[in-house]
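The numbers here are math on the coordinates, done by the rules we state, and not lab data. Here the structure is a predicted model, which means the values were calculated and not measured. Ideal geometry is used to build each Cβ from the backbone, glycine not excepted, and the neighbour counts take in all protein chains shown.
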Ligand code: ADP
Ligand code: MG
């Protein structure tokens, strides 16, 4: 089972940023209002994600680390309409198989917290307020071949920060803080969507973009589409979410490229933040272990709706 978990880890855990993404997903699913990420050596030596969510009862702590054990869905029907970030129950097991992992958690009405060490299985009393901290140390310590693929600490740190940024854009109702070796790297306080975009991407992106608000059939598209000025400054600002989940989808990227073709003559990459909401049964998020790819039931309709939403936004007279 250790081997199976390590193989799964190869699909889920590529670098510290993948661990950060999975742990923040879990904190959000736990209903956290505040999430703090602490990193050492770009996350290679340590990643700690703390939340003030619902916590894990002590008797369920060992289950959290078991492969395919998820508390989030109980039936195939629920999988069809999944609304949580996680549902596969493999992230923690995979992470624990390639690191030194510990969980410290205290549910709402528990008199104290418990700490579970993944390797030894030891369960001990611990001190913390309501919520959960997951500690992941020495990533890939037992798989030197994988560890060799990691880049410099600075590069791993910037990927980890980007992973939190993706979550932060989608969840302005949650506060985020990122610390690296005792220094505050980023802090995003709870805010409106508009304010969070300015905090995360800079006020200039908001100034140089137009609001998208488009509804067609089972789809609603919100966000901001950057004007050509925004592309010049910020070609890396390309964020697409499907039902709150950050995705990299070829179909959507293509629709966006063609919507932008007329406005951005030449090579420039458009900048945008788009939140696509669609009835959960019309999209399959269980396509890829990291859930970064999705499959739409009516892909043609999705393509044309995204394209129309952005074209219409960009065609509006300035003002
Ligand atoms: P999944 O998120 O797909 O269910 P994970 O391996 O990421 O699988 O997590 C396993 C289980 O551990 C979750 O289903 C949840 O019950 C519990 N869990 C993990 N992280 C947290 C957290 N931060 N707060 C509360 N419960 C958590
Ligand atoms: Mg998860």
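What angle do you read, to the nearest 10 degrees and between 0 and 90, between the alpha-carbon axis of helix 153-170 and the longest principal axis of the chain?
Helix 153-170 and the main axis of the chain meet at about 70 degrees.
Over the alpha carbons of the range 51-99, what is the largest minus smallest coordinate on each principal axis, giving the biggest first in Å?
Answer, in whole Å and largest first: 32, 24, 19 Å.
As a check on your grasp of the helix formula, calculate [θ] at 222 nm for the chain: sum -39500 (n - 2.57) over DSSP H runs of n ≥ 4, divide by the residue count, round to the nearest 500.
Helix-only estimate at 222 nm: -10000 deg cm²/dmol.
Restricting to bridges with both residues inside the range 2-188, how much of the DSSP beta-bridge set is antiparallel, in percent to the nearest 5?
85 percent
Just report the Cα centroid separation between the range 166-225 and the range 235-314, whole Å.
Between the Cα centre of the range 166-225 and that of the range 235-314, the gap is 17 Å.
Grab the beta carbon distance between residue 315 and residue 286, set R0 = 35 Å, and tell me the FRET efficiency rounded to 0.05.
0.45
For the range 103-188, just list the percent of Cα-Cα distances falling in each 10 Å bin from zero outward, please.
Spelled out bin by bin, the range 103-188 gives 14, 31, 37, 18, 1 percent.
Compute the distribution of all C-alpha to C-alpha distances in the range 179-232, in bins of 5 Å from 0, and list the percent of pairs in each, rounded to whole numbers.
Final binned percentages: 4, 17, 19, 17, 16, 13, 7, 3, 2, 1.
Can you give me the relative contact order of the range 180-255 as a percent, contacts being Cα pairs under 8 Å and 6 or more apart?
17 percent
Taking the Cα atoms only, what angle lies between the long axis of helix 2-12 and the longest principal axis of the chain, rounded to 10 degrees?
The angle comes out at about 20 degrees.
Over the residues of the chain, compute the C-alpha Rg and express it relative to 2.2 N^0.38 Å.
This ratio for the chain stands at 1.03.
Enumerate the residues in the range 252-271 having an amide nitrogen under 19 Å from the point lying 7 Å beyond the Cα of residue 229 toward its Cβ.
263-265, 268-271
How far apart, in nm, are the 7 Å Cα→Cβ label points at residue 127 and residue 299?
5.5 nm
Antiparallel as a % of all DSSP beta bridges within the range 193-315, to the nearest 5?
Antiparallel: roughly 80 percent of the beta bridges in the range 193-315.
In percent, what relative contact order does the chain have, based on Cα pairs under 8 Å that are 6 or more apart in sequence?
16 percent
What Rg and what Dmax come out for the range 2-188 when only alpha-carbon atoms are used, in angstroms?
15.6, 45
Between residue 34 and residue 138, what's the calculated FRET efficiency when r is the beta-carbon distance and R0 is 41 Å? Round to 0.05.
Rounded to the nearest 0.05, the efficiency is 0.95.
On a 0 to 90 degree scale, rounded to 10, what angle separates helix 250-261 from the longest Cα axis of the chain?
Roughly 30 degrees between the two axes.
Suppose we keep just the DSSP beta bridges with both residues in the chain; what percent of those would be antiparallel, to 5?
Approximately 80 percent, going by the DSSP bridge assignments.
Per the Cauchy relation, a quarter of the hull surface: what is the mean projected area of the convex hull of the alpha carbons in the range 193-315, in nm²?
Over every viewing direction, the Cα hull of the range 193-315 projects on average to 7.2 nm².
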